[in-house]
Amino acid sequence: MKQFKEIFGRKTSIWLALELVLVTFACWWAFDPVIVASYVVRMPMGYDADRIVKFEVVSSGNLKEQKWEEIVDEENILLQKVQQIDGVEMAYAASSTPIGFGTVSMPKYFYHDGDSVQCFCFGFNKDSRMFEVYGIQSLTPDVPTSELSHDCEEDNTIILTRSVAMKLFGTIDVAGRKLLASELNFDGDEPEWVKDKYYSIRAVVEDVRFFGYDRECTNAFICANSLPVAVPIMARLREGVNAAQFVQAHEQEVQRDLVTEHCYVRQMEALSKVQDKLVKDGHLGRQTRRNLLVAAFFAINLTFGVFGTLLMYTRQRREEAGVRRAFGATRWGIFWGFIREAWLLTTVSVLLSCIIYFQFAVSRGIYDNFASPDSAIRLWFDDFGTHFLVVSIIVYLIILCAVLIATAIPAWRICRSEITVALKDE
């Protein structure tokens, strides 16, 4: 208490505390969206995005004049050729837009015992190797990843993700159970949700995100009934093979060899690069870059403003340090005294600023671009209290580091100087 009164009894300390309060308030506002967005982008995707390559297959003829069976046979030939490329571990022909490369199908609502959740459903062909190629982990012991697409009934079998199963059933042990679904009915004047479909749950897999900026894990996989015509071939590379280097090294080989009478592979794309581009060029990417610029602006101002103020504040106490050393204080004792004062001053100032910002956050809300009331999974920033506490701690640590560094540099020089030099102006 005595040290507290001593610190805040100085006029310069009060002004420094006010500056830290304003800096904390501005940093909270600037860093909050960056912290949340950075967390979402770095969440696990649920599959091996770094090892996936898409081979875009197109038809060189008129599909209306050709038999689909012939085209399917030719695409199977291309699939076999892809699997023979050096560096490819396995491949499959997708039944729709592959995971991570574009939009997903229209959502469905699923119901069980009064609970409901909205899911984006992704189709897979029976006996395909989609789950193996993507490396999606099965959580049902009796149905390993290699067998997820086996023994499925077309348009009647569903595979849930962990979060959806926990949301609806409270457990992942749901294989063999039935699940009611509703779909949009467009027959009337206005579309409406109609509960008219039951699915048999085949298994449960680990949570999967379709895109790098997608926080949702409310996804499901439905056994589709579609012919793989003019759809891409997805390949899983062997461990250690770089996807970007693979695409570059085999580009000419693919254009030369992956050709049949009516089909050919137009281009290859690495999923990791596509994901990076979606995040970078999308609305969230642009918004995140703006937030980063704002955060960088405040970080620079924090560095120069707080550094400059603390350097001057500490140097003004050179004579005080000289007097204390003249009365027997050690250099380390004086140095750690400066550090303790800086820590106490920062802690009180940040705490006061967070209390003020809390009133603003309650009335105006905090960064919630990723909030989703329909999501089956709750993240730390979905809860107001946890969100506020986490960001406050991060902001506190950032400001504390800046303050301690700005205090330690002049304090160390003062403590190393001779007593006569420190007292020459006294």
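The values are calculated or read from the model by the stated rules, or taken from the named source; none is laboratory data. Just so it is clear, the model here is predicted, and its values are computed rather than measured. When we count neighbours, we look across all protein chains shown, and the Cβ atoms used for this are built from the backbone with ideal geometry, even at glycine.
Residue pairs, Cβ under 7 Å, 6 or more apart or interchain, first in region 123-135 and more than 10 Å from HIS150 (Cβ to Cβ), second assigned to a loop (DSSP other than H, G, I, E, B) and hydrophobic (A, V, I, L, M, F, W, C). List them.
Final answer for the pair search is PHE131/LEU148; TYR134/ILE99.
How many residues does region 40-77 hold that are out of contact with any Gly (no Cβ under 9 Å at 6 or more places or on another chain), aromatic (Phe, Trp, Tyr) and modelled with pLDDT of 85 or more?
Here the count works out to 1.
Would you mind finding the one in GLY328, GLY322, GLY285 that is modelled with pLDDT under 65 and not in a helix (DSSP H, G or I)?
GLY328 is the lone residue from the list that is modelled with pLDDT under 65 and not in a helix (DSSP H, G or I).
Among the candidates ASP151, ASP155, which residue alone is free of Cβ contacts under 8 Å to residues at least 60 places away in the same chain and either among the β-branched types (Val, Ile, Thr) or assigned by TED's automatic domain parsing to the domain that holds GLU206 (or both)?
Going through ASP151, ASP155 in turn, the sole match is ASP151.
Which members of region 89-116 meet the condition of being buried (at least 20 other Cβ atoms within 10 Å of the Cβ) and either in a loop (DSSP other than H, G, I, E, B) or modelled with pLDDT of 85 or more (or both)?
ALA91, TYR92, ALA93, ALA94, SER95, PRO98, ILE99, GLY100, PHE110
Tell me, which residue of region 131-169 that is within 23 Å of ARG51 (Cα to Cα), hydroxyl-bearing (Ser, Thr, Tyr) and touching a Ser or Thr at 6+ places or on another chain (Cβ under 8 Å) is surrounded by the most Cβ atoms within 10 Å (Cβ to Cβ)?
The selected residue is THR161.
Taking THR157 as meeting all but one of (1) hydroxyl-bearing (Ser, Thr, Tyr); (2) within 28 Å of the chain's Cα centre (by Cα); (3) under 18 Å from THR218 (Cα atoms), write down the number of the exception.
Every listed condition holds for THR157 apart from (2).
Kindly check whether there is at least one residue in region 37-44 that is over 30 Å from TYR264 (Cα atoms), among the charged types (D, E, K, R) and free of Cβ contacts under 8 Å to residues at least 12 places away in the same chain.
Yes, some residue in region 37-44 is over 30 Å from TYR264 (Cα atoms), among the charged types (D, E, K, R) and free of Cβ contacts under 8 Å to residues at least 12 places away in the same chain.
Of the numbered conditions (1) farther than 24 Å from ASP115 by Cβ; (2) modelled with pLDDT of 90 or more, CYS152 satisfies every one except a single condition; which is it?
The failed condition is (2).
Residue-wise test of (1) over 26 Å from the mean Cα position of the chain (by Cα); (2) within 15 Å of ILE394 (Cβ to Cβ).
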residue	(1), (2)
LEU22	yes, no
ALA26	no, yes
TRP29	no, yes
PRO33	no, yes
VAL36	no, yes
VAL40	no, no
PRO44	no, no
PHE55	yes, no
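From the residues in region 373-426 that are of a type in the set (Gly, Ala, Ser) and within 30 Å of ASP207 (Cβ to Cβ), which one is modelled with the highest pLDDT?
Of the residues in region 373-426, the ones of a type in the set (Gly, Ala, Ser) are 375-376, 385, 392, 402, 406, 408, 411, 417, 422.
So of that shortlist, the ones also within 30 Å of ASP207 (Cβ to Cβ) come out as 375-376, 385, 392.
Numbers: SER375: 64, ALA376: 70, GLY385: 87, SER392: 93.
It comes out as SER392.
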